[in-house]
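Step one of this worksheet: look at the structure below.
Values quoted throughout were computed directly from the atomic coordinates according to the rules given, and no laboratory measurement underlies them. Since this is a predicted model, take the numbers as computed values, not measurements. Using ideal geometry, Cβ is built from the backbone for each residue, glycine included, and neighbour counts are taken over all protein chains shown.
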Ligand code: GLC
C-alpha cells in the first residue's frame, strides 16, 4: 500500500470553498474582496486546511454573481486589483497553502468582447464561437431545450435574426466548444493563471461543455412533478454529458499536466456510473470529478451507505475519491439535516476515503438565512420564484465575531446576516470546548495526523437502520467509525468478535476516552471515531 508521503497534496489535504462576495470585506462596500481574504487566511491556516478554492473573482456584470465572466484574465474591481491577487497568491504560498480558481468555460457573459463580436454580424470571425441557430419554421426557438434558470434556452437576436443558446441566463451565452479556436482561447486562459502559479481549477458545469451536434429535442421526464424546477420537465439527453465532452476534459488535463502537481476538479451533477467517466481513460481526465452524493441524497443511512459502496466499487483503479457536503448552490448542511446531525455529517465527510471539500461557514455551523422578497439577489429565485431554488440563504456573510455585521464589513452587507451571529461566530467558538468550531478543529487535526484516516483503506461494516459504520486502516492502525444518523439510541454489533476499541473523538464529548467491547451503544445523533486496539 502507498504511504501517506507518496500521495499528492490534493489527495491528502482538505479543500475549503470561499464564496468571495461573502467571506471578508476589507473595502467597506458590503461585498467581500481579495484583501479581506488575505486578512482571514490565518483562520484557514489555523484550522489545518491547506487548499483554498475561490468562486469567480473575474470582471463580470454579476448577472449570476461572477459566473458570467466578461474578462477571463483579469480581476473584478469589486474584489480588488491584479496586484491584490498576486499578493493573495503569494500569501497563500507563504503559508504553504494552495489556491484553486474557479474556471467558467461553458459560457461567458453576454458583455464579453467575444460575444459582442459574435453577435455583431453573421459573418463575424467570432460568430461560430457561440451557438447560433436559425429559428424553427414557425419562427420559434430551434428546439425544445430549456434553461436551468427557467424558460427556453434560446434567445432571439434581432440584429442577425438567429437564436443563441444559453444553458443558464440569457446573459450567459454558451461558448461553442466544438470550435478549435474556442478551445485554444480557453486553454490559454488556463495557462495564464497556471503561469502565475495557481494550483489548479474547479471547472464550472463541466458536464455541460458539449451539446448534441444534431440539436435533437430532449425527451420528457416521466418523473417530473409540479414542485420541481421547470428545467426538470425534460431529461437532459442531448444537452449535457455528451460523449465528446471527455475529449475536452482531456485537453484541459493536458494543459494542467504541462505544469507540475496542479489539480483539475470538475463540477458534475451526475449519477455515480456517469460521474466516474470523468476520471477519463487511464485517469487522464479530471483528477477529482466532484462527488455530490452527500449533497443530493436524502440523509438516510441506508441510501448513503449504498452510495459510498457503489462509489468505492465504481472508482477506476487509481481514481482518487472525493466528497462534498455543501456549496454555494445548495442549502447548508446544518439547515438540511439539523444542527446535531451536522456534526455527524462533518465526521462522515472527514473520515470517508478521499478528498473532502468544506463550504465556508459550515465549520461554525452556519445555517441558511431567511431572505425576504426585497432582499432576493439570486437570479434563479427571481426567475423561478417560490419553490425553494433560491441560493441566497447559503451565500450570506461569514460570521467572524459579535461586533456589528459580525466583523464581515463596516458597510451594509450585500446579503443579511444570520440573527444568531453574536453566538455563532469564529471568535466565540474558537476555544469553546463544545462548539462546532472546536469539534471541527479536533476532527481536522485527527484526520491530518492519522494516515489511516487521511489515505487509509476503507472497509464497510454491516449495519442496519440509522447506523453507518466502517473501518479505516493503514500500516497496522485501525479506526472504527460509527455514526448514528437518527435521533434514537442504537446498538452497533460490528460482527467483530472480541473487538476492543477506545473512543478518540465523539460528537458527545463525555464519551471520549470510553473503551468499547464487542457491541457499541450510540446515543441519539452520536458519531464516534474509535481506535481499534484489539482486532482478532
Ligand atoms: C455552476 C455554479 C453556479 C452557477 C452555474 C452557472 O453550477 O456553481 O453557481 O450559477 O454554474 O454558471
Per the 1/(1 + (r/R0)^6) rule, R0 = 30 Å and r from the Cβ atoms of residue 225 and residue 339, FRET efficiency to 0.05 is 0.50
Taking Cα atoms, how many degrees apart are the long axis of helix 301-314 and the longest axis of the chain, rounded to 10 and kept between 0 and 90? 70
For segment 49-171, using Cα atoms only, the Rg and Dmax in Å read 18.0, 61
Give me the one-decimal nm value for the distance between modelled label points at residue 534 and residue 94, 7 Å along each residue's Cα-to-Cβ direction. 5.3
Convex hull over the Cα atoms of segment 453-534, averaged projected area in nm²? 4.9
In whole angstrom, the spacing between the Cα centers of segment 222-291 and segment 365-410 equals 29
Please state the relative contact order of segment 453-534 as a whole percent: Cα pairs under 8 Å, 6+ residues apart? 30
For n ≥ 4 DSSP H runs only, could you compute -39500 (n - 2.57) per run for the chain, divide by its residues and tell me the 222 nm figure to the nearest 500? -7000 deg cm²/dmol
Shape of segment 113-165, Cα gyration tensor, a/c cut at 1.5: oblate
Computed lengthening from residue 212 to residue 462, 0.36 nm per intervening residue step minus Cα-Cα distance: 85.6 nm
One finds, for residue 111 and residue 498 with R0 = 60 angstrom and r their Cβ-Cβ distance, a FRET efficiency to the nearest 0.05 of 0.30
At the level of C-alpha centres, the distance separating segment 307-339 and segment 22-45, in angstrom, is 27
Roughly how large, in nm² to one decimal, is the mean projection of the convex hull of the alpha-carbon atoms in the chain? 24.6
Along Cα→Cβ, 7 Å out, is where each label goes; now give me the distance between the ones at residue 39 and residue 235 in nm to one decimal. 5.1
Note down the relative contact order for segment 209-334 as a percent, whole number, built from C-alpha pairs under 8 angstrom at least six residues apart. 19
On a 0 to 90 degree scale, rounded to 10, what angle separates helix 436-449 from the longest Cα axis of the chain? 80
Using alpha-carbon coordinates, inclination of helix 82-94 to the longest axis of the chain, degrees: 20
Only Cα pairs under 8 Å and at least 6 apart count here; give the relative contact order of segment 113-165 as a rounded whole percent. 33
May I ask what percent, to the nearest 5, of DSSP beta bridges between residues of the chain are antiparallel? 60
